[in-house]
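Down below is the structure, laid out as C-alpha cells.
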2 protein chains.
Amino acid sequence: MKNLPKIVLIGAGNVATHLSQALYENGIQVLQIFSRNLQKATELALQINAQPTNDLSKITDKGTIYIIAVHDDAIREVAEQLAYLKGEKRLFVHTSGATPSTVFKGVFKNYGVFYPLQTFSIDRKANFQNIPICTHTKKKNRIKILEELAQRISPKTYKINDQQRATLHVAAVFVNNFSNHLFHIGEQICEDGNVDFDILRPLIQETTAKVQSNRPIEMQTGPAKRGDVKTIQRHLDYLKDQSHFKDIYELLTANISKTYQ
Amino acid sequence: MKNLPKIVLIGAGNVATHLSQALYENGIQVLQIFSRNLQKATELALQINAQPTNDLSKITDKGTIYIIAVHDDAIREVAEQLAYLKGEKRLFVHTSGATPSTVFKGVFKNYGVFYPLQTFSIDRKANFQNIPICTHTKKKNRIKILEELAQRISPKTYKINDQQRATLHVAAVFVNNFSNHLFHIGEQICEDGNVDFDILRPLIQETTAKVQSNRPIEMQTGPAKRGDVKTIQRHLDYLKDQSHFKDIYELLTANISKTYQ
C-alpha cells in the first residue's frame, strides 16, 4: 500500500466510532466525518484529526474510499445524496452485514462493502486484532485497495460476496443474539432461585473457549445429548411455571436429540 | 487447615480425573482411587501417588472425605456398597449437579456435595482457578472441612444447598448446552452457505467476554431486540428450507421481543 487511501466517514454511531479509532491508530487518514448531529461529528473528528460536517452536500471530493456507516434503512438515501461524488476513482462502501452491496446500484460506479463482523458496544474498546473484516467490491479490480485497507487494521480479512454475507448475518444471530438471550435466561433462572449468576460465568467462558479451537458439534454435552430422559423431565418440572423458558427448553432439547440420536 | 484431609476418590471418569489432578497439585493426599475398570484406576492412581482398586468392599477406612464421582444413576448404589464405612468421622460427598444430597439419606451419617461447576473434557486440562466449587453438607458443623478443601483447589467456592444446586443445573443447561447447540447451528448455516465458520469465532468470544462483567440483558443486540421486522423476515425467508432452525429462530425471536418490548 504505497499510496495510503484517504477515508471519508459517513456516520458517527457505534461502528463509525470504533472504525475511526482503528483507522487513526493504524495511520490511515480520515479526511472528514459526517453526522446529522454536528456535535457528534465534531467530537469524533477532534479525536482523529478529521473535519466534521453535518451537511451531506459538502462532502470532500478528495477521498479515496467513502465508508457509509449509517443505519441499514438510511444507506440508500445517503448514497443518493452523495451521488454528486460518483466517479471512476472514488469507492463507496457500507458497513452493514444485512444489506446487499446492490443497495448502491444505479447511484455509484464503484461500490462495495466493508463489514467488520463484531458486536460493538459504545463504551467498550474494540480490539480489531480479533475482528474479522469482510470485504466485497462490485468491480473485481477495486477489491485490492479495500483488502489492503482491511489488512491494515485487522489480521483477519475475508472476501465475502453478498450471498455469503447474508449467510453470516443469519448465523451471527444464532451465535450472538440468541446465545446472549440464553445467558439472560440463565441469569433469570438464577435470580428466581436465589443463586448468584457469577457461579455460571466461568462456565459460559469455558463453553465458548472450547469452540475457539473445536467444532461445537464435538463439544456438545448435557442431558439432551446423552438422552438422559430423567434429568430432562426433572428440568421441565422445575420450569413448569415459566412456560416461556419451558418452551425454549423443549424445542432446543428436541433439536439436540435429533442431531445426536 | 492444619490437618489436611485425606481423600478417597470413587470413580475414574471425567470429573474424577480432573479433580484428582487438582487435589494432587494442591498437596492434598488421595489415598485410594476406585474404578470398576482396574486399568483406569491404576493409570489415574499412578499419576497422583494413590492406591488403585476395583473392589468396593476394600476401600480404606483411613479417609477423611470420600468423594463419589460416578454417574448420577450409580451414586445411591455405590453409597450402599460403602455403607460399611459410615461413622461419625468420615464425610461422604458426591460431585453431581443434578442429584440432591439426600441420595445418601439412611446410608451415611455425614454426607454432602462437592460440585465443581464446569464443563469438563477429558483431553482438555481443567483450570480450577476458574472453576467454582459448590459445597453442601447435611450437618452444618461439617461444612468447614469441605469448604477448606474447596478453597485449597479453587478461589471460587460457594455454599449451595440442594434447591439452589437444582436451580444452577437447569440454568447451566441454558448457558452451556443450549448455547453450544446454537454455535453448532451457526456452523451448520455457514457450511450450507459456503462460509468459513472461523469468521464467527471472534464474535462468539466477544459475546461471552461481554457477559463476564455485564448483565446479559444489557448486552442484548440484534433484530429481535430492536424490533427490526424487515431483517427478521429476511432471515426467516433465508431459513425457509431448514424448518428446525426456523422454528428455533422464531421462538427465540418471539421471546426476545417479549423481553424487551
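Values computed for the structure shown
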{"read-out": "Total residues in segment B:64-101, condition within 14 Å of chain A (Cβ to nearest Cβ) and in contact (Cβ under 8 Å) with a residue 40 or more places away in the chain", "value": "4"}
{"read-out": "Qualifying position, being farther than 12 Å from A:L19 by Cα, in contact with a Lys or Arg (Cβ under 8 Å, 6 or more places away or on another chain) and of a type in the set (F, W, Y), among A:Y111, A:Y158, A:Y115", "value": "A:Y111"}
{"read-out": "Members of segment B:5-24 found to be without any contact (Cβ under 8 Å) to a residue 40 or more places away in the chain and surrounded by fewer than 20 Cβ atoms within 10 Å (Cβ to Cβ), listed by number", "value": "B:Y24"}
{"read-out": "Residues of segment B:103-126 that turn out to be polar (S, T, N, Q) and away from every other protein chain (no Cβ under 14 Å), as a count", "value": "1"}
{"read-out": "Number of the exception - A:Q51 against (1) under 25 Å from the mean Cα position of the chain (by Cα); (2) over 23 Å from B:V195 (Cβ atoms); (3) surrounded by 15 or more Cβ atoms within 10 Å (Cβ to Cβ)", "value": "(1)"}
{"read-out": "Entirely in segment B:127-197, the helices (runs of 4 or more DSSP H) that have 2 or more residues that are more than 7 Å from chain A (Cβ to nearest Cβ) and either touching a His at 6+ places or on another chain (Cβ under 8 Å) or aliphatic (A, V, I, L, M) (or both)", "value": "B:143-153, B:162-172"}
{"read-out": "Verdict on A:E250 being within 30 Å of B:K125 (Cα to Cα) and among the acidic types (D, E)", "value": "no"}
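Readers should treat all values here as calculations from the given coordinates under stated rules, not as data from a laboratory. It should be emphasised that the depicted structure is a prediction, and the values quoted were computed from it without experimental measurement. All Cβ positions, even for glycine, are placed from backbone atoms using ideal geometry, and neighbour counts span all protein chains on display.
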